[in-house]
Amino acid sequence: MDAILRLSGLCKKYDGFSLDNVSFSLPYGCIMGFVGENGAGKSTTIKAILNLIRRDQGEIQVFGKDNIQEELEIKEQIGVVFDSLNLPEMIRPLDVGRMMKSVYRQWDSAKYTQYLAQFQLPAKKLVKDLSRGMKMKLAIAVALSHNAQLLLLDEATSGLDPIVRDEILDILLEFIQDESRGVLFSSHITGDLEKIADYVTFIHQGKILLSEPKDLLLEKYGVIQCTKEELAALDKSAVVGVRRHQFGVEALVEKKKISGAHTVDKASIEDIMLFIVRGEHQ
């Protein structure tokens, strides 16, 4: 078994939106960046993994087990961080630890206390009085304190300042040092994913457009600045998307199909997304 999480042909239909044959695999010991615009299907996919919504068809395996047939056993080993803290506002982090002890069989009170100290979270301050950054770190402390093997983060770093975001990225990198673990990290902050992701999966309008190792993806594509005439002379199979502006043309290209006469600039994950979705196609 080489994947900690595997989706095969996942479909879910709503009025006006559908997940359409969503398939990807997250290997053990890896972080996958799950990217796409708002409404692309990231949160719906994560809810399907957690069996919070019922899929219409397809299979979801976590740790090699069906996520419906063995739901309770699987959820014992999943840590989840959403973009908001789903805890009562009038309790304290100290109370959260006591509450979770009765929720998770493998809850580790000592580890939770250790994370509160590491994240500099005030144990006796009410949740409602914590900053957004503190609330997210509290959610991560909970997710990490019951021996979770898979972390699912849904826009968990959205709205956080760069210092707090960087701290959370370090936590995720430390988490996967044990190669029996994995992280699915949904985020629209593609710069964060370039720092830590091993794989990138791009969903658009409910369909997976690509799912590849990040390094191969960044190596595969590049951006060319050129004139309309130079664009017309390029191998059409090399051009993924085109964006025109008053000074000329930018094109996302497959680098191996471009001759040495052209200067090919590095493409970011954001570039790749924008050119594929919003660029003109040859």
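Worth a mention:
- The mean of 1/r over all distinct Cα pairs in the chain, once inverted, gives the Kirkwood hydrodynamic radius of 20.4 Å.
- When Rg and the Kirkwood radius Rh are both evaluated on Cα atoms of region 230-277, their ratio Rg/Rh stands at 0.93.
- Heavy-atom accessible surface of the chain: percent carbon and sulfur, 1.4 Å: 47
- Low-density loop positions, trypsin sites (Lys or Arg not before Pro), region 1-73 - DSSP coil, at most 13 other Cβ in 10 Å: Arg54
- For region 91-161, trypsin sites (Lys or Arg not before Pro) meeting the loop criterion (DSSP other than H, G, I, E, B) and having at most 12 other Cβ atoms within 10 Å: Arg105, Lys124.
- Protein-only accessible surface at a 1.4 angstrom probe places the residues Asp2, Asp83, Asp154 in the order Asp2, Asp83, Asp154, largest first.
- Net charge of neighbours whose Cβ lies under 12 Å from the Cβ of Arg105, counting Lys and Arg as +1 and Asp and Glu as -1: -1
- Region 1-49: equivalent-ellipsoid semi-axes (sqrt of 5 x gyration tensor eigenvalues, Cα, Å): 22, 13, 7
- Centroid-to-centroid separation of region 59-86 and region 158-183 [C-alpha atoms, Å]: 19
- Dividing the summed helix terms, -39500 (n - 2.57) for each DSSP H run of n ≥ 4, by the number of residues in the chain produces a 222 nm estimate of -9000 deg cm²/dmol to the nearest 500.
- In this structure region 42-106 gives 55 Å² per residue of accessible area when probed at 1.4 Å with all protein chains present.
- Convex hull of Cα atoms in region 91-212, direction-averaged projection (nm²): 8.5
The values are calculated or read from the model by the stated rules, or taken from the named source; none is laboratory data. Because the structure is a prediction, the values reported are computed rather than measured. For neighbour counting, all protein chains shown are included, and Cβ atoms are generated from backbone atoms with ideal geometry for every residue, glycine included. The area values use the complete protein model at the heavy-atom level, side chains included, leaving out ligands, DNA and RNA. Shrake-Rupley method; radii C 1.70, N 1.55, O 1.52, S 1.80 Å.
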